[in-house]
Amino acid sequence: MALPAGLTRDQLHRIYYYLRLTRSLEERLVNLYRQTKVIGGLFRSLGQEGESVATAFALQDGDILSPLIRNMGAMLVKGARPVEIFRQYMAKAQSPTAGREMNVHFNDLGLGYLGQISHLGDMVPVMAGITMAFTMRGESRVGMVYVGDGAMSTGTFHEGINLAAVQRCPLVVVAEHNGYSYSTPISRQTAVKRLADKAVAYGIPARTVDGNDVLATYAAAREMIAAARGGGGTQLLEVVTYRRKGHAEHDDQRYQPKDEIAAWEAKDPIALYEGTLLARGWATRSELGRIETQVLTELDAAVAECENEPLPAPETALTDVYATIAAESPLWFRRV
């Protein structure tokens, strides 16, 4: 059967690799969390891996994305290494932020991702500024920023996307319609049925896609990225998906009906994508098995490399806090 437009067989397999890597990495982090080796909270993207990987895979080298806590898959696509993520969650001295931050709060502008500000919605104005700079420099580059349904009810989201729309910034805003803003159902915090409807207020194109359909999400993101790159201005892509875990690992998600979780589990994005590859002859069971083995081998090696590394020395807590005690290079741009 003919391959989907714009993708080769190898690329289809690469998408599967990133999907499996994202889920297996998070499962390994759960094991470390239960051993009290993870410092702070652990935020899973179970059920949402498809939209993160698919949207990021549609970007080109030189493009910049800004993830949220459930977009680790997007960072992996852009080149983040599992060992960096393990170090970051375990607050190791050799982590990208030298133990000062956790989870996905770190940058690598060379690879193309910008660590998030914790306050939800705040990265929209930041990415508006970055993509405005692309336009002012005459660069053919695109930015992508992820927001949740709750973030779309904040003032910074409104200000940022309005600025991006007026300036026709080459920015793609991925709106994750995953059912809950922490523990608040979407119906309790916004009156719209589709997040894409909010785009009308800003005069920008928008569309809604099944975020658990990896290929449909990739195709929609690819079209919107091309439109933004071609001068079409800011775009909004709503991905309808579901957060099958609580806000964080400590959240028992008692507010999520069990039958609702089960219904979305039956629409698991990785299982659906795997079934599509096999049914259409785009992959064999043995090929997918080799990818899964590769993922587990890589994660074993990453954990072995960093699990017993030291935590930061106490005196380094003052580094880059006071002007008289500065690191040789800014920690927020540090590469491991």
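The values are calculated or read from the model by the stated rules, or taken from the named source; none is laboratory data. As the structure is a prediction and not an experimental result, all values here were calculated from the model. All Cβ positions, glycine included, derive from the backbone under ideal geometry; neighbour counts span all protein chains shown.
Computed values, structure above
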item	result
Residue ID - nearest to the chain's Cα centre (by Cα), chosen from residues in region 61-77 that are of a type in the set (D, E, K, R) and crowded, with 21+ Cβ neighbours inside 10 Å	70
Test: residue 100 is over 18 Å from residue 28 (Cβ atoms) and among the basic types (Lys, Arg)	yes
Helices (runs of 4 or more DSSP H) wholly inside region 199-279 containing at least 2 residues that are in contact with a Phe, Trp or Tyr (Cβ under 7 Å, 6 or more places away or on another chain), touching a residue at least 60 places away in the same chain (Cβ under 8 Å) and not acidic (Asp, Glu)	214-227, 269-279
Residues within region 65-89 that are in contact (Cβ under 8 Å) with a residue 24 or more places away in the chain and part of a helix (DSSP H, G or I), tallied	13
Some residue of region 138-146 being buried (at least 23 other Cβ atoms within 10 Å of the Cβ), within 18 Å of the chain's Cα centre (by Cα), at pLDDT 95 or above and β-branched (Val, Ile, Thr)	yes
Filter result for residue 91 (surrounded by fewer than 20 Cβ atoms within 10 Å (Cβ to Cβ) and on the phi > 0 side of the Ramachandran plot)	yes
Test set (1) surrounded by fewer than 24 Cβ atoms within 10 Å (Cβ to Cβ); (2) touching a residue at least 60 places away in the same chain (Cβ under 8 Å); (3) of a type outside the set (S, T, N, Q); (4) farther than 29 Å from residue 213 by Cβ - residue 106 fails condition number	(1)
In region 1-51, the residues that are in a helix (DSSP H, G or I), more than 24 Å from residue 286 (Cα to Cα) and polar (S, T, N, Q)	31
Number of positions in region 199-218 that are of a type in the set (Gly, Ala, Ser) and either at positive phi or out of contact with any strand residue (DSSP E or B) (no Cβ under 8 Å at 6 or more places or on another chain) (or both)	2
